[in-house]
Amino acid sequence: EGVTAKKVIEDYLAAIGGMKKVEAVKSMSQSGTMSMGPMQMAVETKIVMPDKLKVSYMMNGNVAQEEVLNGDKGYANQMGNKQPMTAEQVEAAKSQVEIVSEVKYLGDGYELELKGVDKVGDEEAYVVVVKEKEGEESTNYYSTKSGLLIYSSSQVESPQGSFTREVNYSDYKDVKGVKFAHSVKMSMGPQNISITLEKVEVNPKIEDTEFAVE
(Lines give C-alpha, C1' and ligand atoms only; values in the text may rest on other atoms or scores of the structure.)
Protein backbone atom coordinates (compact mmCIF):
# COMPACT_ATOMS: atom_id res chain seq x y z
CA GLU A 1 0.00 0.00 0.00
CA GLY A 2 2.97 2.30 -0.61
CA VAL A 3 4.01 2.58 3.04
CA THR A 4 7.70 3.42 3.51
CA ALA A 5 9.77 3.88 6.67
CA LYS A 6 9.95 7.61 5.94
CA LYS A 7 6.15 7.77 5.60
CA VAL A 8 5.69 6.01 8.98
CA ILE A 9 7.93 8.63 10.65
CA GLU A 10 6.13 11.48 8.86
CA ASP A 11 2.78 10.01 9.95
CA TYR A 12 4.02 9.83 13.55
CA LEU A 13 5.03 13.51 13.44
CA ALA A 14 1.61 14.35 11.98
CA ALA A 15 -0.12 12.25 14.69
CA ILE A 16 1.59 14.11 17.54
CA GLY A 17 0.68 17.52 16.15
CA GLY A 18 2.60 18.13 12.93
CA MET A 19 6.19 19.12 12.08
CA LYS A 20 5.47 22.85 12.37
CA LYS A 21 4.21 22.59 15.95
CA VAL A 22 6.96 20.15 16.94
CA GLU A 23 9.70 22.41 15.55
CA ALA A 24 8.19 25.38 17.40
CA VAL A 25 8.97 23.66 20.72
CA LYS A 26 12.26 25.23 21.89
CA SER A 27 12.08 24.36 25.58
CA MET A 28 10.30 21.84 27.75
CA SER A 29 9.99 20.87 31.37
CA GLN A 30 8.48 17.66 32.65
CA SER A 31 8.05 16.25 36.12
CA GLY A 32 6.77 12.96 37.39
CA THR A 33 7.47 9.84 39.37
CA MET A 34 9.98 7.11 38.61
CA SER A 35 9.49 3.66 40.15
CA MET A 36 12.09 0.90 40.31
CA GLY A 37 10.69 -2.03 42.20
CA PRO A 38 9.66 -0.74 45.63
CA MET A 39 11.74 2.44 45.25
CA GLN A 40 10.09 5.68 44.11
CA MET A 41 11.73 8.95 43.13
CA ALA A 42 10.50 12.26 41.83
CA VAL A 43 12.09 13.04 38.47
CA GLU A 44 12.30 16.42 36.75
CA THR A 45 13.73 17.19 33.30
CA LYS A 46 14.35 20.61 31.81
CA ILE A 47 15.46 21.09 28.22
CA VAL A 48 16.34 24.23 26.31
CA MET A 49 17.29 23.64 22.70
CA PRO A 50 19.87 23.08 21.35
CA ASP A 51 22.26 22.23 24.19
CA LYS A 52 20.92 22.73 27.71
CA LEU A 53 19.68 19.87 29.88
CA LYS A 54 18.96 19.34 33.55
CA VAL A 55 17.74 16.03 34.97
CA SER A 56 17.08 15.81 38.71
CA TYR A 57 16.09 12.77 40.79
CA MET A 58 14.69 13.55 44.22
CA MET A 59 13.98 11.42 47.26
CA ASN A 60 12.06 12.88 50.21
CA GLY A 61 12.48 16.35 48.75
CA ASN A 62 16.28 16.08 48.51
CA VAL A 63 18.24 15.83 45.27
CA ALA A 64 19.68 12.32 45.13
CA GLN A 65 21.18 12.69 41.67
CA GLU A 66 21.44 15.47 39.14
CA GLU A 67 22.89 15.89 35.69
CA VAL A 68 23.37 19.30 34.07
CA LEU A 69 24.59 20.08 30.56
CA ASN A 70 25.28 23.60 29.34
CA GLY A 71 26.82 23.70 25.86
CA ASP A 72 30.19 21.93 25.97
CA LYS A 73 30.31 21.62 29.75
CA GLY A 74 28.35 19.72 32.32
CA TYR A 75 28.43 17.99 35.69
CA ALA A 76 26.92 15.03 37.46
CA ASN A 77 26.03 15.32 41.13
CA GLN A 78 25.42 12.19 43.15
CA MET A 79 24.47 12.65 46.80
CA GLY A 80 26.46 15.89 46.96
CA ASN A 81 29.47 14.53 45.12
CA LYS A 82 29.78 16.86 42.11
CA GLN A 83 31.96 15.73 39.21
CA PRO A 84 32.55 17.55 35.91
CA MET A 85 31.48 15.57 32.85
CA THR A 86 34.14 14.08 30.62
CA ALA A 87 34.07 14.99 26.90
CA GLU A 88 32.47 11.59 26.27
CA GLN A 89 29.74 12.21 28.88
CA VAL A 90 29.07 15.67 27.40
CA GLU A 91 28.50 14.08 23.98
CA ALA A 92 26.19 11.44 25.50
CA ALA A 93 24.21 14.14 27.32
CA LYS A 94 23.94 16.23 24.15
CA SER A 95 22.21 13.35 22.40
CA GLN A 96 19.48 13.55 25.08
CA VAL A 97 18.74 17.21 24.32
CA GLU A 98 15.80 16.69 22.04
CA ILE A 99 12.10 17.19 22.23
CA VAL A 100 11.05 14.64 19.58
CA SER A 101 13.72 12.22 18.25
CA GLU A 102 11.81 11.53 15.05
CA VAL A 103 12.55 15.02 13.66
CA LYS A 104 16.22 14.11 13.26
CA TYR A 105 15.41 10.64 11.87
CA LEU A 106 14.41 12.37 8.63
CA GLY A 107 17.88 14.00 8.39
CA ASP A 108 21.06 12.78 6.71
CA GLY A 109 22.56 11.13 9.79
CA TYR A 110 20.03 8.29 9.81
CA GLU A 111 19.00 5.27 7.78
CA LEU A 112 15.45 3.97 8.08
CA GLU A 113 14.18 0.53 7.13
CA LEU A 114 10.59 -0.70 7.26
CA LYS A 115 10.49 -4.32 8.46
CA GLY A 116 6.75 -4.87 8.01
CA VAL A 117 3.92 -5.10 10.52
CA ASP A 118 4.02 -6.82 13.91
CA LYS A 119 1.96 -6.79 17.09
CA VAL A 120 2.67 -5.08 20.40
CA GLY A 121 0.21 -6.72 22.77
CA ASP A 122 -2.90 -6.75 20.62
CA GLU A 123 -2.07 -3.57 18.69
CA GLU A 124 -0.69 -3.77 15.16
CA ALA A 125 2.37 -1.66 14.47
CA TYR A 126 4.75 -0.77 11.67
CA VAL A 127 8.27 -1.91 12.57
CA VAL A 128 10.98 0.61 11.64
CA VAL A 129 14.69 0.01 12.17
CA VAL A 130 16.43 3.33 12.85
CA LYS A 131 20.19 3.33 12.24
CA GLU A 132 22.42 6.21 13.23
CA LYS A 133 25.55 6.79 11.16
CA GLU A 134 27.55 6.35 14.41
CA GLY A 135 26.21 2.83 14.59
CA GLU A 136 23.47 3.22 17.21
CA GLU A 137 20.42 1.22 16.21
CA SER A 138 16.89 0.89 17.54
CA THR A 139 13.74 -0.88 16.39
CA ASN A 140 10.63 1.26 16.79
CA TYR A 141 7.01 0.18 16.60
CA TYR A 142 4.42 2.74 15.44
CA SER A 143 0.71 1.93 15.76
CA THR A 144 -0.92 1.34 12.36
CA LYS A 145 -4.09 2.90 13.82
CA SER A 146 -2.94 6.00 15.69
CA GLY A 147 0.49 6.48 14.08
CA LEU A 148 1.99 6.86 17.57
CA LEU A 149 5.19 5.24 18.86
CA ILE A 150 4.16 2.47 21.25
CA TYR A 151 7.33 0.36 21.70
CA SER A 152 11.06 0.49 21.06
CA SER A 153 13.93 -1.92 21.58
CA SER A 154 17.70 -1.50 21.33
CA GLN A 155 20.90 -3.25 22.36
CA VAL A 156 22.88 -1.58 25.13
CA GLU A 157 26.53 -2.32 25.80
CA SER A 158 27.59 -2.04 29.43
CA PRO A 159 30.46 -3.21 31.67
CA GLN A 160 28.10 -6.06 32.68
CA GLY A 161 27.76 -7.14 29.06
CA SER A 162 25.20 -6.56 26.34
CA PHE A 163 21.48 -6.47 27.04
CA THR A 164 18.24 -5.40 25.39
CA ARG A 165 16.53 -2.20 26.45
CA GLU A 166 12.76 -2.31 25.86
CA VAL A 167 10.53 0.73 26.22
CA ASN A 168 6.72 0.93 26.10
CA TYR A 169 5.08 4.31 25.50
CA SER A 170 1.44 5.07 26.34
CA ASP A 171 -1.01 7.63 27.73
CA TYR A 172 -0.31 10.27 25.06
CA LYS A 173 -1.65 13.67 26.11
CA ASP A 174 -1.88 16.91 24.19
CA VAL A 175 0.30 19.75 25.53
CA LYS A 176 -0.17 23.00 23.61
CA GLY A 177 -0.94 21.10 20.41
CA VAL A 178 1.83 18.47 20.70
CA LYS A 179 1.20 14.97 22.05
CA PHE A 180 3.68 13.46 24.54
CA ALA A 181 3.62 9.98 26.10
CA HIS A 182 2.94 10.45 29.82
CA SER A 183 3.66 6.82 30.69
CA VAL A 184 7.01 5.21 29.87
CA LYS A 185 7.86 1.68 31.00
CA MET A 186 11.40 0.47 30.47
CA SER A 187 13.13 -2.83 31.05
CA MET A 188 16.91 -3.24 30.87
CA GLY A 189 18.12 -6.72 31.66
CA PRO A 190 16.71 -7.57 35.10
CA GLN A 191 15.78 -3.95 35.86
CA ASN A 192 12.28 -2.54 35.37
CA ILE A 193 11.70 1.21 35.50
CA SER A 194 8.42 3.00 35.04
CA ILE A 195 8.00 6.77 34.68
CA THR A 196 4.66 8.50 35.03
CA LEU A 197 4.64 12.16 34.04
CA GLU A 198 2.34 14.41 36.05
CA LYS A 199 3.22 17.68 34.35
CA VAL A 200 4.64 18.56 30.94
CA GLU A 201 5.17 22.19 29.90
CA VAL A 202 5.94 23.32 26.37
CA ASN A 203 8.05 26.46 25.84
CA PRO A 204 8.16 27.45 29.52
CA LYS A 205 10.53 30.23 30.56
CA ILE A 206 13.52 28.43 32.10
CA GLU A 207 16.14 30.66 33.73
CA ASP A 208 19.77 30.25 32.58
CA THR A 209 20.78 29.86 36.23
CA GLU A 210 19.11 26.41 36.17
CA PHE A 211 21.98 25.26 33.92
CA ALA A 212 24.86 26.95 35.76
CA VAL A 213 27.83 24.60 35.57
CA GLU A 214 30.50 26.58 37.44
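Evaluate the stretch 53-74: report whether one residue or more is in a strand (DSSP E or B), among the basic types (K, R) and crowded, with 17+ Cβ neighbours inside 10 Å.
Within the stretch 53-74, the first condition is being in a strand (DSSP E or B), and the residues that meet it are 53-59, 62-70, 73-74.
Remaining after also requiring among the basic types (K, R): 54, 73.
Now restrict to residues that are crowded, with 17+ Cβ neighbours inside 10 Å: 54.
Yes, the stretch 53-74 contains a residue that is in a strand (DSSP E or B), among the basic types (K, R) and crowded, with 17+ Cβ neighbours inside 10 Å.
Per-residue answers, yes or no, for (1) over 18 Å from D208 (Cα atoms); (2) at pLDDT below 95; (3) touching a Cys at 6+ places or on another chain (Cβ under 7 Å):
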| residue | (1), (2), (3) |
| --- | --- |
| K7 | yes, no, no |
| G18 | yes, no, no |
| M34 | yes, no, no |
| V48 | no, no, no |
| K54 | no, no, no |
| Y57 | yes, no, no |
| N62 | yes, yes, no |
| Q78 | yes, yes, no |
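Each row is one residue, and each column tells you yes or no for (1) more than 15 Å from Q30 (Cβ to Cβ); (2) part of a strand (DSSP E or B).
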{"position": "Y141", "(1), (2)": "yes, yes"}
{"position": "S162", "(1), (2)": "yes, yes"}
{"position": "R165", "(1), (2)": "yes, yes"}
{"position": "V184", "(1), (2)": "no, yes"}
{"position": "I195", "(1), (2)": "no, yes"}
{"position": "K199", "(1), (2)": "no, yes"}
{"position": "I206", "(1), (2)": "no, no"}
{"position": "V213", "(1), (2)": "yes, no"}
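Against the condition surrounded by fewer than 15 Cβ atoms within 10 Å (Cβ to Cβ), in a helix (DSSP H, G or I), touching a Phe, Trp or Tyr at 6+ places or on another chain (Cβ under 8 Å) and among the basic types (K, R), how does K82 come out, does it pass?
Numbers: surrounded by fewer than 15 Cβ atoms within 10 Å (Cβ to Cβ): yes; in a helix (DSSP H, G or I): no; touching a Phe, Trp or Tyr at 6+ places or on another chain (Cβ under 8 Å): yes; among the basic types (K, R): yes.
The answer is no for K82.
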| query | Any idea which of (1) more than 16 Å from S101 (Cα to Cα); (2) of a type outside the set (A, V, I, L, M, F, W, C); (3) part of a helix (DSSP H, G or I) is the one K6 doesn't satisfy? | reply | (1)
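I'd like the residue in the stretch 38-52 that is hydrophobic (A, V, I, L, M, F, W, C), in contact with a Lys or Arg (Cβ under 9 Å, 6 or more places away or on another chain) and not in a loop (DSSP other than H, G, I, E, B) and, out of all such residues, is nearest to V68 (Cα to Cα). Quick ask: steps written out before the conclusion?
Just the residues of the stretch 38-52 that are hydrophobic (A, V, I, L, M, F, W, C), to begin with: 39, 41-43, 47-49.
Keeping just the survivors that are in contact with a Lys or Arg (Cβ under 9 Å, 6 or more places away or on another chain) gives 47-49.
With not in a loop (DSSP other than H, G, I, E, B) added as a condition, the list becomes 47-48.
On the way: I47: 10, V48: 12 Å.
Only one residue fits best here, namely I47.
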| query | Hey, does the stretch 115-130 have a residue that's closer than 20 Å to V22 by Cα and among the basic types (K, R)? | reply | no
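Residues are listed down the side, and each one gets a yes or a no for (1) over 23 Å from D11 (Cα atoms); (2) free of Cβ contacts under 8 Å to residues at least 24 places away in the same chain; (3) among the polar types (S, T, N, Q):
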{"residue": "K46", "(1), (2), (3)": "yes, no, no"}
{"residue": "D51", "(1), (2), (3)": "yes, no, no"}
{"residue": "N62", "(1), (2), (3)": "yes, yes, yes"}
{"residue": "G71", "(1), (2), (3)": "yes, yes, no"}
{"residue": "G80", "(1), (2), (3)": "yes, yes, no"}
{"residue": "V100", "(1), (2), (3)": "no, no, no"}
{"residue": "E113", "(1), (2), (3)": "no, no, no"}
{"residue": "Y126", "(1), (2), (3)": "no, no, no"}
{"residue": "Y141", "(1), (2), (3)": "no, yes, no"}
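Of everything in the stretch 85-115 that's hydrophobic (A, V, I, L, M, F, W, C) and more than 18 Å from the chain's Cα centre (by Cα), which residue is least open to solvent (accessible area, probe 1.4 Å)? Outline the logic, then answer.
Our first condition is that a residue be hydrophobic (A, V, I, L, M, F, W, C); within the stretch 85-115, this holds for 85, 87, 90, 92-93, 97, 99-100, 103, 106, 112, 114.
Filter again for more than 18 Å from the chain's Cα centre (by Cα), leaving 85, 87, 112, 114.
Details: M85: 29, A87: 83, L112: 52, L114: 55 Å².
For the stretch 85-115, the residue satisfying everything is M85.
The values are calculated or read from the model by the stated rules, or taken from the named source; none is laboratory data. The structure presented is a predicted model; accordingly, all values stated were derived computationally and were not measured. All Cβ positions, even for glycine, are placed from backbone atoms using ideal geometry, and neighbour counts span all protein chains on display. The protein model used for the area step is the full one, side chains on, heavy atoms only, and it has no ligands, DNA or RNA in it. Shrake-Rupley method; radii C 1.70, N 1.55, O 1.52, S 1.80 Å.
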